[in-house]
1. Find the residue count for segment B:41-80, including only residues that are in a strand (DSSP E or B) and not charged (D, E, K, R).
2. May I ask you to list the residues in segment A:78-112 that are surrounded by 13 or more Cβ atoms within 10 Å (Cβ to Cβ), within 12 Å of chain B (Cβ to nearest Cβ), over 14 Å from the mean Cα position of the chain (by Cα) and in contact (Cβ under 8 Å) with a residue 40 or more places away in the chain?
3. Quick one: which of B:TRP34, B:TRP22 is away from chain A (no Cβ under 12 Å) and over 21 Å from A:ARG93 (Cβ atoms)?
4. Inside segment A:1-32, can you point out the residues that are over 20 Å from A:LYS104 (Cβ atoms) and either within 13 Å of the chain's Cα centre (by Cα) or part of a strand (DSSP E or B) (or both)?
5. For segment A:63-77, how many residues are over 10 Å from the mean Cα position of the chain (by Cα) and within 13 Å of A:TYR36 (Cα to Cα)?
6. For A:THR40, which of the numbered conditions (1) over 25 Å from B:VAL4 (Cα atoms); (2) part of a loop (DSSP other than H, G, I, E, B); (3) in contact (Cβ under 8 Å) with a residue 24 or more places away in the chain fails to hold?
7. Which of (1) under 23 Å from A:LEU33 (Cβ atoms); (2) within 11 Å of another protein chain (Cβ to nearest Cβ) is the odd one out, the single condition B:LEU39 does not satisfy?
8. Within segment B:89-114, how many residues turn out to be out of contact with any helix residue (DSSP H, G or I) (no Cβ under 8 Å at 6 or more places or on another chain) and either buried (at least 22 other Cβ atoms within 10 Å of the Cβ) or more than 14 Å from every other protein chain (Cβ to nearest Cβ) (or both)?
Amino acid sequence: ILNVEQSPQSLHVQEGDSTNFTCSFPSSNFYALHWYRWETAKSPEALFVMTLNGDEKKKGRISATLNTKEGYSYLYIKGSQPEDSATYLCALREGGSEKLVFGKGTKLTVNP
Amino acid sequence: EAGVVQSPRYKIIEKKQPVAFWCNPISGHNTLYWYLQNLGQGPELLIRYENEEAVDDSQLPKDRFSAERLKGVDSTLKIQPAELGDSAVYLCASSLGLAGYNEQFFGPGTRLTVL
């Protein structure tokens, strides 16, 4: 069974804090890693698709890195704002598979 | 561009009743997915369609769940009869296909509560 793990499970930070969380996955047969943000009562929104070892991607105050050799990706949020409060999901696609396997998510709450 | 549309957004039913969820994918997206998201878990794939063909339904509990995508556009997921353990969020997603990195676009989900 393919296991994608996210940590921490939940996180509370103050407005203005920077934060990061982790997605761990089996490093063999890697094809792509997806990050999604899911705000309550809304659709999960695609943030990044990471494909190459050493990839770094940025979207506003959010960035992500990828290490396929050791099997992890970090998501960073700089200067958290209350509107960043959401569940952040990562999903792995292995080579030869069309399937995305999701982690359980990290629930971020940013307090004003 | 309209996103993935799902209805209803919320549904409360009693156990043993049937229920159906509807999804309209993004125009032009050939691939459609139904996911189940239990509380505290990540979404898990139930079924994937390429046009009107179900190409991966290995995770769909076929004794009570069924799905269709007759014209290769919108899709319906049905549960009959519903059980208490079916309470969850049912997400629909679509993508252009398997080329590239398969970016999937999600609808807002249907939150099902079975009493």
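The values are calculated or read from the model by the stated rules, or taken from the named source; none is laboratory data. Source: prediction; values computed, not measured. Counting neighbours? That spans all protein chains shown, and the Cβs are built from the backbone with ideal geometry, glycine included.
1. Kept after step one, since they are in a strand (DSSP E or B), are these residues of segment B:41-80: B:44-50, B:53-56, B:65-68, B:75-79.
Applying the additional criterion that residues be not charged (D, E, K, R) yields B:45-47, B:49, B:54-55, B:65-67, B:75-77, B:79.
Looking only at that region, the number is 13.
2. Hits for segment A:78-112 are A:GLU94, A:SER97.
3. Numbers: B:TRP34 fails: over 21 Å from A:ARG93 (Cβ atoms).
Every option except B:TRP22 fails the conditions.
4. Taking segment A:1-32 and keeping what is over 20 Å from A:LYS104 (Cβ atoms), we get A:14-18, A:28-29, A:31.
If the condition is that a residue be over 20 Å from A:LYS104 (Cβ atoms) and either within 13 Å of the chain's Cα centre (by Cα) or part of a strand (DSSP E or B) (or both), then A:GLN14, A:TYR31 are the ones that fit.
5. The qualifying residues number 0.
6. Among (1) over 25 Å from B:VAL4 (Cα atoms); (2) part of a loop (DSSP other than H, G, I, E, B); (3) in contact (Cβ under 8 Å) with a residue 24 or more places away in the chain, A:THR40 violates only (1).
7. Status for B:LEU39: all satisfied but (1).
8. Going residue by residue through segment B:89-114, those that are out of contact with any helix residue (DSSP H, G or I) (no Cβ under 8 Å at 6 or more places or on another chain) are B:89-111, B:113.
From what's left, either buried (at least 22 other Cβ atoms within 10 Å of the Cβ) or more than 14 Å from every other protein chain (Cβ to nearest Cβ) (or both): B:90-95, B:104, B:106-107, B:109-110, B:113.
Counting residues in segment B:89-114 that are out of contact with any helix residue (DSSP H, G or I) (no Cβ under 8 Å at 6 or more places or on another chain) and either buried (at least 22 other Cβ atoms within 10 Å of the Cβ) or more than 14 Å from every other protein chain (Cβ to nearest Cβ) (or both) gives 12.
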